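Written below as structure tokens is the structure these notes are about.
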Amino acid sequence: MNPLSLVVKVLRLTPQFPRMLKNIKLAKDIAPDSYQSIGKIIEHNAQHYGTTTALKFEDESYTYSEFNQTVNKYANYLLQKGIKNGETVIAYIENRPELLFLITACAKIGAVISLINPNQKGKVLTHSMELAKSNHFFIGEELVSFFEEVKHSLSGSLSHKYYWVSDQQKTDCPQNYTTLKTDLEHITTENPITTQNIKSHQVYAYVFTSGTTGLPKASRQTHRKWLSTYYWFGKVNMNLGSKDVMYVPLPFYHTNALIVGWPTALAAPCTMVMRRKFSVTHFWEDVKKYHVTAFIYIGELCRYLLNAPETSLDKNHSIKKLWAMACGQIFGTNLKNVLTLKTFLNFMVLPMVMLDLPTRLILIVPLDGLPKILKL
């Protein structure tokens, strides 16, 4: 039996198979010129699941309705500032809700948000900001001092507009910056009409490479790519429910959080927990605090967890699923290693695909090998 036939045979054993096929087809059939977009998913969830908690961050919490209304304030504000479809804005902000509000707002009006890594400083920061020309700079309070060091070296700086995105309000808004929070107070929460005109082929964000082989390079992220992962990762692979809690400790200036973790939560739709920075020390505390049932990680994070001292929370938790984009790079395709990790952390780890199978048959699709079937 060839590998594809084997995969189909296993999938047919699941009661979710018809729904899975439907969502695979939806992911496959997104036409570039169709009016499908991130903004429409956000508005759909707000309309149909408005009271469900969409986002948690530290002690903040937003329902799907509140999230959409807040995003609308940002979107309508950007429109008020004259930012047009296809225009770029720059965001230099740490992982926090304001960053996600800006990302979504830009997606709703057709603007492109350039997501600058908050760890960048000096010449590398200047390089990344110069790659995506913009007159609008949204700078987090926590990063203003680093931005100020390069601000005047940016080309066209005389026409630039600076927006101060307050954080813990330990400092005052600098001179020549607009206080975003104050400006947003009287902006309407209505859905902008622009969302209806966004096509799936449009770029909504620039995400930068790490720069390990030279200076960072910008990667164009389209609505179509985001929607494909919304269906494939969210509705097929992870298959979360509305009562799940998805923990995303990864940065939204990279794609794992932006186009895997976030749309997977929206597809349920369930709660997403956003963290400013990954912390080994606080990982299991967060899992308990937020009642986490699923999370996304890259390989290094699991290595850190495995190497950390054991605590009473390690195995006394509610996690049932995780999505591992780089698992194969660390654990390879050795099923014994996969099972060892499962035993250690008491949840299931698969290199590429995770499915709920009542038959206890698990489909393994390695990064560099043929599909395998594992019976637990």
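The values are calculated or read from the model by the stated rules, or taken from the named source; none is laboratory data. Fair warning: this is a prediction, and the values are worked out from it, not measured in the lab. Side chains are part of the model used for accessible areas, which takes the heavy atoms of the whole protein and leaves out ligands, DNA and RNA. Shrake-Rupley method; radii C 1.70, N 1.55, O 1.52, S 1.80 Å.
Numbers at a glance
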item: Cross-link pairs LYS25/LYS320; LYS73/LYS225; LYS217/LYS321; LYS25/LYS321; LYS123/LYS161; LYS40/LYS181 - those with Cα-Cα distance over 30 Å; result: LYS217/LYS321
item: Accessible carbon and sulfur surface of the range 152-192 relative to its total accessible area, %, 1.4 Å; result: 46 percent
item: Heavy-atom accessible area ranking, 1.4 Å probe, most first, across THR63, THR311; result: THR311, THR63
item: The range 152-218, accessible area per residue, ligands and nucleic acids excluded (1.4 Å, Å²); result: 61 Å²
